[in-house]
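K.L.:
One structure coming up, written as structure tokens, with questions to follow.
All of the numbers you see were taken from the coordinates with simple rules; none came from a lab. Keep in mind it's a predicted model, so treat the numbers as computed, not measured. Glycine gets a Cβ as well: all are built from the backbone with ideal geometry, and neighbour counts include every protein chain shown.
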Amino acid sequence: KENIFSGVQPSGIPTIGNYIGAMKSFVDLQDQYNATYCVVNQHAITVPQDPEKLRKMTRQLAALYIALGVDPKKSTIFVQSDVPAHAQLAWIIQCLTGLGELERMTQFKDKSAKNETVNAGLLTYPTLMVGDIVLYKAKYVPVGEDQKQHMELTRNFVDRFNSRFGGILVKPDIITPKEGGRIMSLQDPTSKMSKSDSNPKGFISLMDEPKTVVKKIKSAMTDSLGQVNYDKENQAAISNLLVIYSNLSGQSIDQLVAQYDGKGYGQFKTDLADLVASFLEPIQSKVNQLMSSSDLTDILSEGAKKASQTANETLAEIEAAVGLRY
Ligand code: AQP
């Protein structure tokens with residue numbers, strides 16, 4: 001089986017955007033591949049985090065992986081800071097990456113524009129991500145479209161490293177969903193849905209209560225055309241809602257457009273809100289149950305053990321190749 005790796009930052013509660021763009025694939029791909037899924041808490045501290053919240057969100061995110069269907073018997077689930085090889089390798093990668101390359105990353109540009117103080121970690125974030133992926137020799141990385149640029153950087157790094165130090169590393173390919181690789185904000189269809197959006201009406205978090213889901217979907221932006229259509233250019237907001245509907249229901253966008261022909265937005269939004277709320281309900285009760293049991297701690301320590309083994313082997317190979325073992 002080929003290896004896949006991915007991770008989510010505990011920088012907030014994941015949104016349905018994170019689910020549709022990435023976490024849904026975690027579940028769908030785990031039978032076919034040797035899967036490793038990480039809670040990337042070291043990435044999360046590239047912007048300020050409250051320690052108490054970060055601790056809770058780290059556990060909650062791991063519980064969400066499992067509640068969504070990632071099976072710890074099939075896949076390795078662990079927390080990044082439990083495996084020191086990630087930070088160790090990131091240092092080496094930083095020393096092999098040009099400053100200009102990192103300064104060009106759009107995520108760095110966006111996030112540094114939003115934050116008053118910019119720390120060095122926000123700039124070097126992609127080198128930690130490159131390390132995450134290469135440590136597990138991942139052939140595929142299921143992520144949303146916003147990660148395309150970081151994935152290109154990873155691929156370029158692997159090429160450079162392999163030609164300079166010998167072909168040790170695996171060059172990874174991105175896996176993004178056909179529809180849903182970029183779910184947009186409910187309040188602004190030109191910006192990406194983000195778990196750290198300061199306006200909570202822009203996103204639906206996976207832990208939102210049913211009545212919050214209903215409120216957020218009812219107040220989601222639409223347009224004045226009043227016709228449920230898939231037209232990203234002229235009806236971006238309703239097209240985004242259609243993508244969410246289609247991903248959660250398994251119905252195609254064409255089917256949905258036909259189903260709501262002549263029905264207007266009211267019925268469409270009511271049905272979508274019901275769908276989202278009933279999708280989330282069993283997931284949330286599973287998360288709450290896991291959070292209060294010791295099983296989660298056991299799963300994460302078992303996961304860290306397994307991940308460390310692979311990660312330490314790769315790190316040793318890399319250190320030997322660059323001359324750090326003597
Ligand atoms: N809007 C989105 N649509 C589809 N996929 C998305 N992803 C993020 N936003 C969307 C994918 O979710 C995975 C986890 O993301 P992350 O935690 O690494 O951080 P991010 O990409 O920066 O996502 P957010 O939600 O915008 O987080 P914050 O607000 O903390 O920066 C990734 O695979 C990502 O592509």
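K.L.:
Quick one: if the Förster radius is 25 Å, what FRET efficiency do Gln255 and Glu281 give, using the C-beta to C-beta distance and rounding to 0.05? Before the final figure, lay out each step's value.
P.N.:
Details: r = 24 Å, r/R0 = 0.96.
Efficiency for this residue pair is about 0.55.
K.L.:
Once label points are set 7 Å from the Cα along Cα→Cβ at both Ser301 and Glu319, what is their separation, rounded to one decimal in nm?
P.N.:
Each label point lies 7 Å from its Cα, and together they span 2.5 nm.
K.L.:
Follow-up question, since we're still on this one. I need the shape label for region 239-326. Rule: rounded when a/c is under 1.5, else prolate if a/b > b/c, else oblate, with a, b, c from the alpha carbon gyration tensor.
P.N.:
Verdict is oblate for region 239-326.
K.L.:
I need the semi-axes of the equivalent ellipsoid of region 1-121: take the C-alpha gyration tensor, multiply each eigenvalue by 5, square-root it, list largest first in whole angstrom. If you can, show how the numbers build up before the last one.
P.N.:
On the way: eigenvalues 134, 65, 42 Å².
Semi-axes (√(5λ), whole Å): 26, 18, 14.
K.L.:
What whole-number volume per residue, in cubic angstrom, does the convex hull of the C-alpha atoms of region 200-288 give?
P.N.:
Working: hull volume 7.8 nm³, N = 89.
Enclosed volume per residue, from the Cα hull, is 88 Å³.
K.L.:
Can I ask one more? In nm, to one decimal, how far is the modelled label at Lys73 from the one at Arg104, with both set 7 Å along Cα→Cβ?
P.N.:
Computed distance between label sites Lys73 and Arg104 equals 4.7 nm.
K.L.:
Can you pick out the pairs among Lys1/Lys306; Lys148/Lys195; Lys114/Lys192; Lys1/Lys137; Lys109/Lys218; Lys201/Lys269 whose Cα atoms lie more than 21 Å from each other? Working shown, then result.
P.N.:
On the way: Lys1/Lys306 17 Å; Lys148/Lys195 19 Å; Lys114/Lys192 14 Å; Lys1/Lys137 12 Å; Lys109/Lys218 33 Å; Lys201/Lys269 15 Å.
Distance filter (> 21 Å) returns Lys109/Lys218.
K.L.:
Taking 0.36 nm per residue of sequence separation and subtracting the Cα-Cα distance, how much length would be gained by fully extending the chain between Glu52 and Lys178, in nm to one decimal?
P.N.:
Answer, rounded to one decimal: 41.6 nm.
K.L.:
Relative contact order for the chain using alpha-carbon pairs under 8 Å, separation at least 6, rounded to a whole percent?
P.N.:
Once normalised by length, the contact order is 23 percent.
K.L.:
Please list, in chain and number order, the residues 5+ apart from Asp231 or on another chain whose amide H is under 5 Å from its amide H, with Hs placed from the backbone.
P.N.:
Counting only residues 5 or more places away or on other chains, the set is Ser239.
K.L.:
Next question, about the same structure. Please identify the trypsin sites (Lys or Arg not before Pro) of region 1-91 that satisfy two criteria: DSSP loop assignment and at most 14 other Cβ atoms within 10 Å. Which are they? Could you put the intermediate results ahead of the total?
P.N.:
Numbers: sites: Lys1, Lys24, Lys53, Arg55, Lys56, Arg59, Lys73, Lys74; in loops: Lys1, Lys73, Lys74.
Qualifying residues, ordered by number: Lys1, Lys73, Lys74.
K.L.:
Hey, with R₀ at 22 Å, roughly what FRET efficiency would Gln227 and Thr270 work out to, going by the Cβ-Cβ distance, to 0.05? If you can, show how the numbers build up before the last one.
P.N.:
Values: r = 17 Å, r/R0 = 0.76.
E(calc), rounded to 0.05, equals 0.85.
K.L.:
I need the Kirkwood Rh of the chain: take the reciprocal of the average 1/r across all distinct C-alpha pairs and report it in angstrom. Before the final figure, lay out the partial values.
P.N.:
Values: mean 1/r = 0.0483 Å⁻¹.
Averaging 1/r across every pair of different Cα atoms and inverting gives 20.7 Å.
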